[in-house]
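Okay, structure first, notes after.
The values are calculated or read from the model by the stated rules, or taken from the named source; none is laboratory data. Small disclaimer: the values here were computed from a predicted structure and weren't measured. Positions of Cβ are backbone-derived with ideal geometry, glycine not excepted, and every protein chain shown enters the neighbour counts.
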């Protein structure tokens, strides 16, 4: 107690871990063994649960080009492609705005 | 006897007894099943909840899933304090003890190899959050009702917002890369996980790095200090450490096989349509 330690003490997972930390480990990591309860069916269910839990953040991250966990940490390849996609979206919007300015025409609110 | 056997982990025999009050999923006490020089950590679960159909339905229920996951992790965590467990995936269930024994026999070699590789090592989780990226309304639809003075104004605003966001993300990427490289140098193995959904994690900020590092227990203190030192390094980012975990993320094949990419692969290319951001 004389030297104030900055180490988390106790180290227990309860200190920092949230539900997502736990789920990503127990659902997605760990040794996979086909038990007597048919795990092949289960795998599919686990997958759907899993996807539902994380898909929002994955998409958002991909959109932003933060996708290095997918392959090489040194490269973030998608950023450039997303830049194009964003420009594309902007152009589409711009077109829609121009069409709105034209009298007598209604631009569709939703682009595909 | 309508109980099934739920297996949490496999380890080598260890001297210390399990905590008496260590309860597993469904509130049943966890016990040890010794076989062929290995130990399966098991508990009895009701067939009504862990039979095929029931389990399938339960896994769709986030509350049930959360409680079960926490109980599973609770047992594995307790084991981590006394030995190096091989954590099994959630809901690995057998009919009875003899089926568990058969499983151990069938996988004996694999278990021993993994246990050797992971012996004395723990997993540390490190996440980086970008605070400012979340402060702006990422993901909010471009205000549908609001009419900018002109289309040009609208685009100008939109572009400015986009550029600010882009800069934040570039900084985030640089910071996360640098941190990851530094931590990797102090770890035996590394896995990158997909960023977390804040809806589930309840964490503020946007998760831009989510990684697991395999570190010898003996070097853990250094590793923790290293992470600690980076915490205030870069304004606008928050570094979070979790652990020590059992080596969940390192029970797959040796070498950095692409087990981190499998979730994303199913998604197909994210088609960024109008209005996504």
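I'd like the full set of residues that are more than 9 Å from chain A (Cβ to nearest Cβ) and assigned to a loop (DSSP other than H, G, I, E, B), limited to the stretch B:40-83.
Within the stretch B:40-83, B:61, B:82, B:83 qualify.
Under 16 Å from residue B:118 (Cβ atoms) and either surrounded by 22 or more Cβ atoms within 10 Å (Cβ to Cβ) or modelled with pLDDT of 85 or more (or both), is that true of residue B:182?
Taking the combined requirement at face value, the residue does not satisfy it.
Please go through the stretch B:157-178 and give me each residue that is touching a strand residue (DSSP E or B) at 6+ places or on another chain (Cβ under 8 Å) and within 11 Å of chain A (Cβ to nearest Cβ), ordered by number.
Listed by number, the residues that qualify are B:168, B:169, B:172, B:173, B:176.
Within the stretch B:84-95, is there a residue that is over 25 Å from the mean Cα position of the chain (by Cα) and either facing chain A (nearest Cβ under 10 Å) or surrounded by fewer than 21 Cβ atoms within 10 Å (Cβ to Cβ) (or both)?
For the stretch B:84-95, residues over 25 Å from the mean Cα position of the chain (by Cα) and either facing chain A (nearest Cβ under 10 Å) or surrounded by fewer than 21 Cβ atoms within 10 Å (Cβ to Cβ) (or both): present.
Please indicate, with yes or no, whether at least one residue in the stretch B:78-90 is modelled with pLDDT under 95 and farther than 23 Å from residue B:121 by Cβ.
No; the residues of the stretch B:78-90 include none that is modelled with pLDDT under 95 and farther than 23 Å from residue B:121 by Cβ.
Please specify each residue of the stretch B:56-83 satisfying the condition of being surrounded by fewer than 15 Cβ atoms within 10 Å (Cβ to Cβ) and in contact (Cβ under 8 Å) with a residue 24 or more places away in the chain.
B:82 - this is the single residue of the stretch B:56-83 that is surrounded by fewer than 15 Cβ atoms within 10 Å (Cβ to Cβ) and in contact (Cβ under 8 Å) with a residue 24 or more places away in the chain.
For the stretch B:214-230, how many residues meet the condition of being more than 9 Å from chain A (Cβ to nearest Cβ) and surrounded by 13 or more Cβ atoms within 10 Å (Cβ to Cβ)?
9
Which residue pairs have Cβ atoms closer than 6 Å, lie 6 or more positions apart in sequence or on different chains, and pair a first residue in the stretch B:2-23 that is free of Cβ contacts under 8 Å to residues at least 40 places away in the same chain with a second residue that is crowded, with 16+ Cβ neighbours inside 10 Å?
From residues that are free of Cβ contacts under 8 Å to residues at least 40 places away in the same chain, the pairs are B:13/B:39.
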